[in-house]
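The values are calculated or read from the model by the stated rules, or taken from the named source; none is laboratory data. The structure displayed is predicted, hence computed values, not measured ones. We place every Cβ from the backbone using ideal geometry, glycine too, and count neighbours over all the protein chains shown.
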Amino acid sequence: MPLVIGVTGSIAAGKSLVCRTLVELGAEHCNADTLVHGLYAPNTPGFARVVAEFGADVVGPDGAIDRRKLGARVFGQPEAMRRLTRAMGDITGTIKAEIDRWRATLPEDGCGVMEAVNLIEPGYAGWCDATWLVVCRPETAKARLMARDGFDAAQAAQRLASQRPWEQRAGAADLLLRNDNGREALVDAVRYAYRRLWELRRDESLPRSQYHLWRAANPLPVAAGAAAGG
């Protein structure tokens, strides 16, 4: 059976470099963010719902949702983010379908990599054989944001302050990848971890993901309808 690795981490931690390295090693990659954006592409029900919820001015000149404008409406506003999530549609089902496709179509020695900022809390990590958490020091992430995205110091600090501390999720990770020592060090760590993961799989000694123990101690909230028996 192919392997599925979930890769997560906060903004500017280095998730993309980890995933690019895994692709170079032969893995198939999916960015959950990109996958989910397809739910509100033009001419989809999700597009119509998002426009109805947030207004026609979130549509850009190309006829697609302008992600920067939409992001400005929901950033730092939990209720607005919940409204957006509802409007987009079945995020969970979309991600699960991609992982199921990998399980059904990749060869025995194949690997799928699901990259997602929110991999652990919604439960997507439960569909992965291993969860890798990429982390770095706040000052490292701040410098990257300023260089990469053109943020000033205050903007970078605000964006980082909105992120959930990685320490809250560390217990769900099978591997913690620290990315403060440069590109080469991270790439070497990923290559070693990938090789070791396959050694464990071939020896039939790959343990069940640590995520499941973490989830048992941090259960998902029960939906209101389910709690009421509906």
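Residues that are within 15 Å of Q158 (Cα to Cα) and aliphatic (A, V, I, L, M) were ranked within segment 67-85; the one that is surrounded by the fewest Cβ atoms within 10 Å (Cβ to Cβ) is A72.
Restricting attention to segment 15-67, the residues that are under 18 Å from A130 (Cβ atoms), aliphatic (A, V, I, L, M) and in a loop (DSSP other than H, G, I, E, B) add up to 2.
A residue that is hydroxyl-bearing (S, T, Y), at pLDDT 95 or above, surrounded by 15 or more Cβ atoms within 10 Å (Cβ to Cβ) and farther than 17 Å from L39 by Cα occurs somewhere in segment 111-126. For segment 156-170, a tally of residues being exposed (fewer than 11 other Cβ atoms within 10 Å of the Cβ), part of a helix (DSSP H, G or I) and not small (G, A, S) returns 1. For segment 86-125, a residue qualifies if it is among the hydrophobic types (A, V, I, L, M, F, W, C), in a helix (DSSP H, G or I) and in contact with a strand residue (DSSP E or B) (Cβ under 9 Å, 6 or more places away or on another chain), and the qualifying residues are I95, I99, W102, A125. The single condition among (1) over 18 Å from the mean Cα position of the chain (by Cα); (2) surrounded by fewer than 20 Cβ atoms within 10 Å (Cβ to Cβ) that R215 does not satisfy is (1). Which condition number does K15 fail, the rest of (1) charged (D, E, K, R); (2) farther than 30 Å from G182 by Cα; (3) in contact (Cβ under 8 Å) with a residue 60 or more places away in the chain being met? In the conditions (1) charged (D, E, K, R); (2) farther than 30 Å from G182 by Cα; (3) in contact (Cβ under 8 Å) with a residue 60 or more places away in the chain, K15 misses (2) alone.
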